[in-house]
Each structure stands twice: as structure tokens, then as C-alpha cells.
Amino acid sequence: MILVTAAGGRTGRSLVKALARLGKPVRAVDIAPSVTALRDHGADEALVADLLEPGDLRKAMAGVESVIHIGPLFHHREADIGRAVVAEARRAGVGHFVQFSVVHPQIEALLNHQAKLAVERAVVQSPIPFTILQPMHYLQNIDVAATVRSGVHRKPFSHDTRLAQVDLEDVTAVAAQVAGDPGHHYATYELCGSDYVNGHEIAAVIAEVSGRPITTELQPISDFASSERQTREEDEFPYDAMYRLWGHYSRYGITGNPNVLGWLLGRPPTTLREYVVRELEAAAQAG
Ligand SMILES: NC(=O)c1ccc[n+]([C@@H]2O[C@H](COP(=O)([O-])OP(=O)(O)OC[C@H]3O[C@@H](n4cnc5c(N)ncnc54)[C@H](OP(=O)(O)O)[C@@H]3O)[C@@H](O)[C@H]2O)c1
């Protein structure tokens, strides 16, 4: 049995389907009750559990051979959660620990990167054979159908800086492939596609594929993250994390190399153009 944490989120849902395609048995675990719907999408078992609750974590880990740990997005205790999952996996005698980290976790200014680096340390220092996956910024952050509908590519950071990108489907295909495979023990894999593009170039690809004019617009961060101070300290965290991430992207962008992902997939990674074509075909099918 393979335990997938934060399975009800965007990454987890894609991963559960990828594992099911390979016929690997999955226990999907998430704090969100909607995780139970994954029983209809490839999960053999689905469990509602808070990873910060030791009793819940113990139940989630019981009888598991491999763990694929996804940290909850912008969670103020992401590092504590990761360390607790590693500790429980050690106690339970798990045979393989796959960590969903992030590309360049060394970028200390970013709170989500700091958390993932802390978990990487716990993973590397544990006696469990591990594989660390470091995905790039997902192509799925671009809502192609909405962009074509509005004629505007909007995002909360500069359209002038370039970011590397990766298709989440490529990432989860690799995660499903490596889980439980001793050939990937003690490896750290950067998972990045071949596009290195700014917002104007993304808009141009969407315009070319859709045949519609697409402009760019800087979306105010306040659409996502309140600039007002929060009553509870932990509620500041996701906002702080977003401000830092998008500030960093605006100033520096982010880079990566597609070689490792191509090697793992046995084909070139999905391109931005292929992603746009696929998204528009899916939107057309959905009506
Ligand atoms: N987006 C990207 O481009 C990108 C790139 C590389 C890496 N990543 C990383 O990938 C990870 C997953 O991102 P995502 O977009 O899939 O996140 P997501 O959609 O927000 O999913 C996270 C899930 O974790 C659940 N959760 C929160 N607290 C929990 C707890 N205490 N115990 C159990 N489950 C809990 C959430 O439930 P609730 O919704 O009910 O809180 C949610 O279902 C993040 O760590 C992110 O940094 C993302």
C-alpha cells in the first residue's frame, strides 16, 4: 500500500490517478472530507486525517510500504507536518519515502522553500530509503480556458521576468513510477520542463494556439492575499508566503533544467504549447 498525503489537493488528485494507472495500491489521506471522492478516481482507500494529530497519522501509516508525502500548500506548520510524517514512517518501518519538495529549496527568502528544505533534511537523515522530487512551478497555474474567455493573461507577478515551468501530469507520472522502486532510492530529482518564458511569451503562445488576441495584466496580490493584519499569527503565514513568492518571481523569476525529467519520462517533457493545446481541447470537450 502507498500512502499519499494531502491527497485531496491539486497535486494529490493527479498523483492518485497516476498511481491507479500503474495499478499501484493507494491510500489517499487528507484533512478535507472531499478526499473520500478519490475512491471513485483510483484510490483503494481514502481517509480523512489531520497530519498534525498523532493518532490520525498513526492510522494513516498502518500497513503502508511506501509513502509519497505532499506538504499542504502555504501551511504555517508544513515543516512540522513533514517531520512528523517522516518520524511516523520510521516507527512503522516504511520501506520507501518519496518527498514532494520544490525546485531550489535553498532559496531561503521563500517560506514554502524553507519548509521543504527542513523536511528534506529529516528525510535524508532518516534511515528510510528515500527519493526527493523537486518540481518546478506548474503549468497548471495558467488557466488557459479562462485566459481565452477573457482575452487577458493575468497573474500577480511581473510579466517581464522568465520562469521555467513543468506539467503537473509529468510530475505525478514520475512520482507514481518511482514509488516503491529501489532503482530510485537515495535520488534527488529536479523536475522541470523545457520552457523558460515570461508572461508576454505565455500570452503569445495562447493567442497563437487559440487564434484569439491575448493581452497581459498584472493582477493585484490583494486578489489573493489580504494586506490587512490578521488576528491569529498563523493566518498571516499564507499571505506572507504569497507576498514573498510573487515578489521573488517578479525580481528574479526561477530557473531549472529539463534533462532529468526527460530521462525519467523516456520522452521530452510536455511543452507549454502542448499544455495549451491539451487544455483547449479539454475545454471544448467539456462544452
Ligand atoms: N503549485 C505549484 O506550482 C507547485 C510547484 C511545486 C511544488 N508545489 C507544492 O506542492 C504541494 C501541494 O500543492 P497543492 O497545490 O496540491 O496544494 P492544495 O491543492 O492546497 O492541497 C493541499 C491539501 O492538503 C490539505 N491539508 C491541509 N492541512 C492538512 C493537514 N493538517 N493534514 C492533512 N491534510 C491537510 C488541504 O486541505 P484544506 O484545503 O481543507 O486545507 C488540501 O486538500 C505544496 O506543498 C506546494 O508548495 C506546488
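The values are calculated or read from the model by the stated rules, or taken from the named source; none is laboratory data. Keep in mind that what you see is a predicted model, and the values were worked out from it rather than measured. All Cβ positions, even for glycine, are placed from backbone atoms using ideal geometry, and neighbour counts span all protein chains on display. Only protein heavy atoms, including side chains, enter the accessible area calculation; ligands, DNA and RNA are left aside. Shrake-Rupley method; radii C 1.70, N 1.55, O 1.52, S 1.80 Å.
Just 16, 178, 29 to compare: in a GNM of the chain, with alpha carbon springs under 10 Å, which one fluctuates most?
178
With angles folded into 0 to 90 degrees, how steeply does helix 199-210 sit against the dominant principal axis of the chain? Use alpha carbons for both and round to 10.
For helix 199-210, the angle is close to 80 degrees.
Kindly express, to the nearest 10 degrees and within the range 0 to 90, the angle between helix 10-21's C-alpha long axis and the longest C-alpha principal axis of the chain.
With rounding to tens, the tilt is 60 degrees.
Can you report the principal axis dimensions of the range 1-153 using only the alpha carbons, biggest first, rounded to whole angstrom?
Principal-axis extents of the Cα atoms in the range 1-153, largest first: 53, 39, 27 Å.
Could you tell me how far the Cα centroid of the range 122-158 sits from the Cα centroid of the range 220-244, in Å?
20 Å
With angles folded into 0 to 90 degrees, how steeply does helix 78-92 sit against the dominant principal axis of the chain? Use alpha carbons for both and round to 10.
With rounding to tens, the tilt is 30 degrees.
How large is log10 I(q)/I(0) at q = 0.07, 0.08, 0.15, 0.17 Å⁻¹ when the Debye formula is applied to the Cα atoms of the chain, each weighted equally and without solvent?
Those come out to -0.26, -0.34, -1.23, -1.49, one per q.
If you take the Cα atoms of the range 61-139, find Rg, then find the Kirkwood Rh from the mean of 1/r over all pairs, what is Rg/Rh?
0.96
For the range 1-79, what ratio Rg/Rh do Cα atoms give with a Kirkwood hydrodynamic radius?
0.93
Any aspartates and glutamates with Cα under 14 Å of the residue 116 Cα? List them, leaving off those in the same chain fewer than 8 positions away.
The reachable aspartates and glutamates, counting only those whose Cα sits under 14 Å from residue 116, are 78, 80, 108, 190.
Write down the Å³ per residue value for the convex hull defined by the alpha carbon atoms of the range 170-237.
That works out to 189 Å³ per residue.
Determine the gain in length on full extension of the stretch residue 87-residue 257; use 0.36 nm per residue of separation and subtract their C-alpha separation, reporting nm with one decimal.
58.0 nm
Tally Lys/Arg at +1 and Asp/Glu at -1 over every other residue whose Cβ is under 14 Å from the Cβ of residue 55; what's the total?
After counting each charged neighbour, the total is -1.
Could you look at the chain and say what percent of its accessible area is carbon and sulfur, using a 1.4 Å probe and all protein chains?
Carbon and sulfur atoms account for 50 percent of the accessible area of the chain.
Given the DSSP H assignment, sum -39500 (n - 2.57) over each helix run of at least 4 residues in the chain and divide by its residue total; what's the result at 222 nm in deg cm²/dmol, nearest 500?
Using -39500 (n - 2.57) per qualifying helix, the result is -13500 deg cm²/dmol.
Kindly rank 115-126, 272-283 from highest to lowest mean number of other beta carbons found within 10 Å of each residue.
Order by mean packing, descending: 115-126, 272-283.
Which of the aspartates and glutamates could a cross-linker span from residue 17 if the Cα-Cα distance has to be under 14 Å and same-chain partners fewer than 8 positions apart are dropped?
40, 44, 45, 169, 170
Could you give the size of the charge dipole of the chain about its Cα centre, using +1 on the Cβ of each K and R and -1 on the Cβ of each D and E, expressed in debye and rounded to the nearest 20?
In total the dipole reaches around 360 debye.
Tally Lys and Arg at +1 and Asp and Glu at -1 over the other residues with C-beta under 13 Å from the C-beta of residue 70: what net charge comes out?
Cβ neighbours under 13 Å give a net charge of +1.
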